[in-house]
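The values are calculated or read from the model by the stated rules, or taken from the named source; none is laboratory data. No experiment lies behind these values; they were computed from the predicted model shown. Cβ placement follows ideal geometry from the backbone for every residue including glycine, while neighbour counts extend to all protein chains displayed.
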Amino acid sequence: MRIAVLAVQGAFREHEEMLARLGCETQEIRALSDFGQPTQWDGIILPGGESTTQGKLLRELGLFQPLQRAIRDGLPVLATCAGLILLAEKLTDDPTVHLGTLPVTVRRNAYGRQLGSFTCKASCGQLKEVPMVFIRAPYIEQTDKDVEILATVDGHVVAVRYQNQLGLSFHPELTEDTRMHESFLRLAADYAQRKTKIA
């Protein structure tokens, strides 16, 4: 399986290391020439970092429209923290919209300075006791009726799935638990199988 990792800014190496542990081939996407044909990938990861900077770089590097089109066409995506902000259709108190492929409203830096970083364990979908690392994290305030809520922490939605998109407020790549990435790779495997049938 081949997974692209957006590597223009942020915590992309930790995702690559997690995928390597799972025996998965990865390639960093830093420029339009790296992106090539989206069909060569079985999925893509949008890492945590600084969402405003990432959104700006996506446009400057010519990656914005190809990435948006690929996700809308069904390329599986795992988005963590800043990546979730990039996917959101709407941001609370911020008119900025980046890729806008995930029908949710996200509050940036939602936990404020006092709880800027914390860890906990919670269920996520069928997974129990998932370790969650939050670093100046967003959370999801509203979801479209077709969005599946996977996890909540202190009454706030922190993980969702919508079609081919997994959006997380937290950083699974900063733990030793590989289950969130395994869940994403199952989406990617289904996508790869569909591509093979079409070909």
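With respect to (1) without any contact (Cβ under 8 Å) to a residue 12 or more places away in the chain; (2) within 18 Å of the chain's Cα centre (by Cα), the lone exception for residue 179 is condition (1).
Contact annotation: residue pairs with Cβ atoms under 7 Å, 6 or more positions apart or on different chains, pairing a residue in the stretch 20-31 that is touching a residue at least 60 places away in the same chain (Cβ under 8 Å) and under 14 Å from residue 189 (Cα atoms) with a partner that is part of a loop (DSSP other than H, G, I, E, B) and not β-branched (Val, Ile, Thr), are 24/1.
Here residue 36 meets each of (1) touching a residue at least 12 places away in the same chain (Cβ under 8 Å); (2) out of contact with any helix residue (DSSP H, G or I) (no Cβ under 9 Å at 6 or more places or on another chain) with one exception, condition (1). In this structure, residue 93 qualifies as at positive phi, among the acidic types (Asp, Glu), surrounded by fewer than 16 Cβ atoms within 10 Å (Cβ to Cβ) and in contact with a strand residue (DSSP E or B) (Cβ under 9 Å, 6 or more places away or on another chain). Scanning the stretch 49-65 for residues that are among the polar types (S, T, N, Q) and farther than 19 Å from residue 15 by Cβ turns up 52, 65.
Let's see how each residue does on (1) touching an Asp or Glu at 6+ places or on another chain (Cβ under 9 Å); (2) in a helix (DSSP H, G or I):
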| position | (1), (2) |
| --- | --- |
| 28 | yes, no |
| 57 | no, yes |
| 62 | no, no |
| 66 | no, yes |
| 97 | yes, no |
| 119 | no, no |
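If you go through the stretch 54-74 one residue at a time, do you hit one that is closer than 18 Å to residue 137 by Cβ and among the polar types (S, T, N, Q)? Scanning the stretch 54-74 turns up at least one residue that is closer than 18 Å to residue 137 by Cβ and among the polar types (S, T, N, Q). Of all residues in the stretch 3-15, those that are within 10 Å of residue 29 (Cα to Cα) have Cβ atoms under 7 Å from Cβ atoms of residues that are of a type in the set (Lys, Arg) and not in a helix (DSSP H, G or I), 6 or more apart or on another chain, in 7/30; 8/30. Just to be sure, is residue 144 within 20 Å of residue 101 (Cβ to Cβ) and over 14 Å from the mean Cα position of the chain (by Cα)? Yes. Whether a residue is of a type in the set (A, V, I, L, M), modelled with pLDDT under 95 and over 12 Å from the mean Cα position of the chain (by Cα) was assessed, and residue 18 does not pass this test.
Only residues that are crowded, with 17+ Cβ neighbours inside 10 Å and either touching a His at 6+ places or on another chain (Cβ under 8 Å) or hydroxyl-bearing (Ser, Thr, Tyr) (or both) were counted in the stretch 158-199, giving 8. Within the stretch 1-26, the residues that satisfy the criterion of being acidic (Asp, Glu) and assigned to a helix (DSSP H, G or I) are 14, 16, 17. For the stretch 33-70, a residue qualifies if it is more than 19 Å from residue 106 (Cβ to Cβ), among the aromatic types (Phe, Trp, Tyr) and surrounded by fewer than 22 Cβ atoms within 10 Å (Cβ to Cβ), and exactly one does: 35. Of the residues making up the stretch 121-157, those that are part of a strand (DSSP E or B) and either surrounded by fewer than 16 Cβ atoms within 10 Å (Cβ to Cβ) or charged (D, E, K, R) (or both) are 121, 123, 128, 129, 141, 142, 148, 149, 152.
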